[in-house]
Amino acid sequence: MNSFTLADCTTVDAALAQLKDGAVVKAGGVDLLDRMKNGTDTPARLVNIRNIPSLRGIQVTPQGLTIGPLTTLTEVSEHPTVRSQYAVLSDACGHAATPHIRNMATLGGNLLQRLQCWYFRSADFECLRKGKEICFAFSGLNQYHAIMDYGGCPSVAPSSGAVALLALDGTLELSSAAKGKRLVPIREFYVQPDANPQRYNVMAPEELLTAIHIPKPAAGTRSAYQKYGEKESNDWAIADAGIVLEMDGNLCRRAVVTMGAASPVVRRSKEAEAALTGKTITPEVARAAGQASMQGAMPLSMNAYKVQLFPVAISRTVLLAAGQMGRDPGAAS
Amino acid sequence: MNPNQVISQICGGVIQGISYTLFEHRHLDPNHGLMVNPDLDRYKIAGAYEVPEIEVQLTESYIGQSSTDASGIGEAAGIISAGAAIGNAFYNATGVRIRQLPMTPAVVLAALNQPQQSMEAV
């Protein structure tokens, strides 16, 4: 690891004042310290925001939820209102990584972690994302890589929190010392690799994520998230699905289907949503939605199994959200 | 011989056997020869969730091949047999043989997608 200086801040204004000259924000430090130990990131200055009390906690408002980005994944997943009305978020935060990581990792850090690709995460490979013109995954080992919408970089979106927030139509509040606050919907937050391979999201280096807003779900909304890995716990998703259903009895008025480990940016499947909208949810309808989600899939040399896995993940999570099936024993614990 | 130590040796062997049967893989990039999962994040080993209840039945036998009459047990009873036991259980459940480790979801799906093998062929 390189040597660096650390600025310990206890207020948002103090932290914003420090965000200049290549300084990097550290919250829980889970993803950032991994990258520094791997040698892929070598910041000269870290700004520790972990001790800013105003950025932590969950507010229930008439409009929905406002979550401080320093709220830990454990705190989000165990919050009674999140559990009862935003199950997709509670499930997503409660099944990431391991219990001890969830106690340290913040929701903001979960949303802002870098992509998963073992070439990108190794200092030995200078790839497209690091300013070169080559991707090692297409001709190399790509069993955990993307199957859709990958352009020149088939890395996968790692954030389970983003899968849930996209399903719930969340909005991120970004703050900077010079320009104040701006709101960015999560659907516009992440940058597709072909738009700019060296950007992961639209945040500027001098900006800080200061709040996560989630609108209150419509009456009759049910939701769920499930993650599938090779291991039952402590593993990255090979497929995961976030489902939000606005139900009228068993009739689905509106559906949102989101997927994480399929592409470099968390995505909604309009095809799967169309297969659910206006239908009575049955196992057959759920299965059709799962199949529809794979329209346009272009698996790489080693990950065609994901094209079979995602429809199962989506159909079983639709049935879980609709209350027609329990949590899948095959999904991550 | 302390039976608890013997049981503990076998349990440890079974856990490592499950781990290499289902998870462990040293991924080497075919074009550069570098290991791409050189950490315990991507080099997967069995954790607490992946370990089932292990029941050990001891049968005493006299081997007599060392000056103390002691012999190794963890590798023989645990590590070596776990892969065979899981592979046979999979064959018993599905009629399909897997001859590749680790038996990841990708490997299992590929095996299930193969045309059914006949009993005589295995």
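Assorted remarks:
- Test for A:GLU206: is it more than 14 Å from every other protein chain (Cβ to nearest Cβ) and out of contact with any His (no Cβ under 6 Å at 6 or more places or on another chain): yes
- Selection within segment B:37-66: residues that are more than 14 Å from chain A (Cβ to nearest Cβ) and in contact (Cβ under 8 Å) with a residue 12 or more places away in the chain. The member of this set that is nearest to B:PRO102 (Cα to Cα) is B:ILE54.
- Those residues of segment A:79-96 which are of a type in the set (Gly, Ala, Ser) and over 19 Å from A:ASP169 (Cα atoms), in sequence order: A:GLY94, A:ALA96
- Some residue of segment A:291-302 being free of Cβ contacts under 8 Å to residues at least 40 places away in the same chain, more than 24 Å from B:ALA110 (Cα to Cα) and either of a type outside the set (Gly, Ala, Ser) or not assigned by TED's automatic domain parsing to the domain that holds A:SER77 (or both): no
- Taken as a whole, segment A:317-327 holds no residue that is closer than 28 Å to B:GLU50 by Cβ, modelled with pLDDT under 95 and surrounded by fewer than 15 Cβ atoms within 10 Å (Cβ to Cβ).
- Positions within segment A:295-326 being in a loop (DSSP other than H, G, I, E, B) and within 14 Å of chain B (Cβ to nearest Cβ), in sequence order: A:PRO299, A:LEU300, A:SER301, A:MET302, A:ASN303, A:ALA304
- Of the candidates A:SER301, A:SER333, A:SER263, the single residue that is modelled with pLDDT of 95 or more, surrounded by fewer than 18 Cβ atoms within 10 Å (Cβ to Cβ) and farther than 26 Å from A:LYS216 by Cα is A:SER301.
- Checked across segment B:103-111, the condition of being small (Gly, Ala, Ser), within 14 Å of chain A (Cβ to nearest Cβ), surrounded by 14 or more Cβ atoms within 10 Å (Cβ to Cβ) and under 30 Å from A:ALA123 (Cβ atoms) holds for at least one residue.
- Per-region count, segment A:106-145, residues more than 13 Å from the chain's Cα centre (by Cα) and either acidic (Asp, Glu) or more than 19 Å from B:LYS44 (Cα to Cα) (or both): 18
- Apart from one condition, B:ARG97 fits all of (1) more than 28 Å from A:ALA239 (Cα to Cα); (2) surrounded by 10 or more Cβ atoms within 10 Å (Cβ to Cβ); (3) of a type in the set (D, E, K, R); the exception is (1).
- Some residue of segment A:263-273 being within 25 Å of B:ASP39 (Cβ to Cβ), within 14 Å of chain B (Cβ to nearest Cβ) and touching a residue at least 12 places away in the same chain (Cβ under 8 Å): no
- Flag if A:ILE147 is surrounded by 19 or more Cβ atoms within 10 Å (Cβ to Cβ), of a type in the set (Val, Ile, Thr) and either within 14 Å of another protein chain (Cβ to nearest Cβ) or in a loop (DSSP other than H, G, I, E, B) (or both): yes
Conditions tested, residue by residue: (1) outside the structural domain of A:GLY64 (by TED's automatic domain parsing); (2) within 30 Å of A:ARG182 (Cβ to Cβ).
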site: A:LEU209; (1), (2): no, yes
site: A:ILE238; (1), (2): yes, no
site: A:PRO264; (1), (2): yes, yes
site: A:THR277; (1), (2): yes, no
site: A:ALA286; (1), (2): yes, no
site: A:ALA289; (1), (2): yes, no
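- Count of segment B:37-90 residues which are touching a Leu at 6+ places or on another chain (Cβ under 7 Å) and surrounded by fewer than 17 Cβ atoms within 10 Å (Cβ to Cβ): 0
- The residue that is nearest to B:LEU40 (Cα to Cα), counting only those in segment A:73-107 that are of a type in the set (Val, Ile, Thr) and crowded, with 20+ Cβ neighbours inside 10 Å, is A:THR106.
- Failed item in (1) within 13 Å of chain A (Cβ to nearest Cβ); (2) within 30 Å of A:HIS145 (Cβ to Cβ), with B:GLY83 passing the rest: (1)
- Of all residues in segment A:209-252 being surrounded by fewer than 24 Cβ atoms within 10 Å (Cβ to Cβ) and among the basic types (Lys, Arg), the one that is farthest from the other protein chains (Cβ to nearest Cβ): A:LYS216
- Of all residues in segment A:160-175, those satisfying the criterion of being within 16 Å of A:THR71 (Cα to Cα) and surrounded by 24 or more Cβ atoms within 10 Å (Cβ to Cβ) are A:SER160, A:GLY161, A:ALA162, A:ALA164, A:LEU165, A:GLY170, A:LEU172.
- Selection status of A:SER155, away from chain B (no Cβ under 14 Å) and in contact with a Lys or Arg (Cβ under 8 Å, 6 or more places away or on another chain): no
- Scanning segment B:13-36 for residues that are surrounded by 15 or more Cβ atoms within 10 Å (Cβ to Cβ), free of Cβ contacts under 8 Å to residues at least 60 places away in the same chain and facing chain A (nearest Cβ under 8 Å) yields a total of 4.
- Some residue of segment B:70-79 being without any contact (Cβ under 8 Å) to a residue 40 or more places away in the chain and of a type in the set (Val, Ile, Thr): no
- Residue under evaluation A:SER233, criteria (1) on the phi < 0 side of the Ramachandran plot; (2) modelled with pLDDT of 95 or more, criterion not met: (2)
The values are calculated or read from the model by the stated rules, or taken from the named source; none is laboratory data. What you see is a predicted model; the values in this text were computed from it and never measured. Reconstructed Cβ throughout: ideal geometry from the backbone, glycine too, with neighbour counts over all protein chains shown.
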